[in-house]
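Notes follow once the structure below has been shown.
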Amino acid sequence: MNTRVRKDRRKRQILIYLFWGVLIIGLTLWLTSQKNRPSEALVSDDILLLGKEVYAENCATCHGATGEGHAKIQSAPALNSSEHAWHHADGQLQRLITDGGKIMPSFGEKLTDDEIVAVIRYFQTWWTQSQLDSQQSLSEQDPFK
Ligand code: HEC
């Protein structure tokens, strides 16, 4: 009788551990998937997939994996919505990436025009809708060449 009660209690304890275990693992998986979501969800077109690749290989070391900036080189600005990358028209972004800056290397030799446009479209997925709207009106004056 007594051992039965003990066994039942033991079973219940195991079930409780299982419940918490599954809950914690589930929550962790869910949180990680949320973290990767915003840009992943937008990256569906071929051009954005190309841009993502170009970015990871050529830009992430300085500008950070998700455009947060100030990675290997402290003066490399953020390309996401947090600083002022979105104040530049498409044409200006294209010239800067093609020709380079004071510290930033030029990519005109290394990347094709299509790859440069793709990487710009890619980091633009990190901008807010109102930043995109205002940058779009600038780009009407200074579009991609
Ligand atoms: C060696 C580090 C480095 C690499 C690699 C690099 N950048 Fe930069 N980038 C910088 C720095 C530093 C600046 C600030 C201007 C300067 O001093 O050259 C900058 C500026 C910029 C700006 C202007 C942002 C603003 O707010 O004015 C853009 C856009 C940009 N980079 C995009 C890119 C892209 C796209 C790539 C990859 C194709 C890339 N960068 C690779 C260091 C880098």
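The values are calculated or read from the model by the stated rules, or taken from the named source; none is laboratory data. What you are looking at is a predicted structure, and each value in this text was computed from that prediction instead of being measured. Because the Cβ atoms are built from the backbone with ideal geometry, glycine has one as well, and the counts that use them run over all protein chains shown.
Brief remarks on what is shown
- The condition of being assigned to a loop (DSSP other than H, G, I, E, B), in contact (Cβ under 8 Å) with a residue 24 or more places away in the chain and hydrophobic (A, V, I, L, M, F, W, C) holds for Trp127.
- Pairs, first near the ligand (Cβ under 8 Å from one of its atoms) in the range 44-66, second among the hydrophobic types (A, V, I, L, M, F, W, C) and at pLDDT below 95, C-beta under 7 Å, six or more apart: Cys62/Ile73
- Those residues of the range 60-82 which are of a type in the set (A, V, I, L, M), under 13 Å from the mean Cα position of the chain (by Cα) and surrounded by 14 or more Cβ atoms within 10 Å (Cβ to Cβ), in sequence order: Ala60, Ala78, Leu79
- Among the residues making up the range 107-123, those that are more than 10 Å from the ligand (Cβ to nearest atom) and either farther than 17 Å from Phe144 by Cα or not small (Gly, Ala, Ser) (or both) are Glu109, Thr112, Asp113, Asp114, Val117, Arg121.
- Going through (1) surrounded by fewer than 16 Cβ atoms within 10 Å (Cβ to Cβ); (2) in contact with a Phe, Trp or Tyr (Cβ under 8 Å, 6 or more places away or on another chain); (3) aromatic (Phe, Trp, Tyr) one by one, Tyr122 falls short only on (1).
- Test result for Ala71, in contact (Cβ under 8 Å) with a residue 24 or more places away in the chain, more than 25 Å from Asp45 (Cβ to Cβ) and assigned to a loop (DSSP other than H, G, I, E, B): no
- Qualifying positions in the range 87-104 - under 17 Å from Asn58 (Cβ atoms) and more than 6 Å from the ligand (Cβ to nearest atom): Gln94, Arg95, Thr98, Asp99, Gly100
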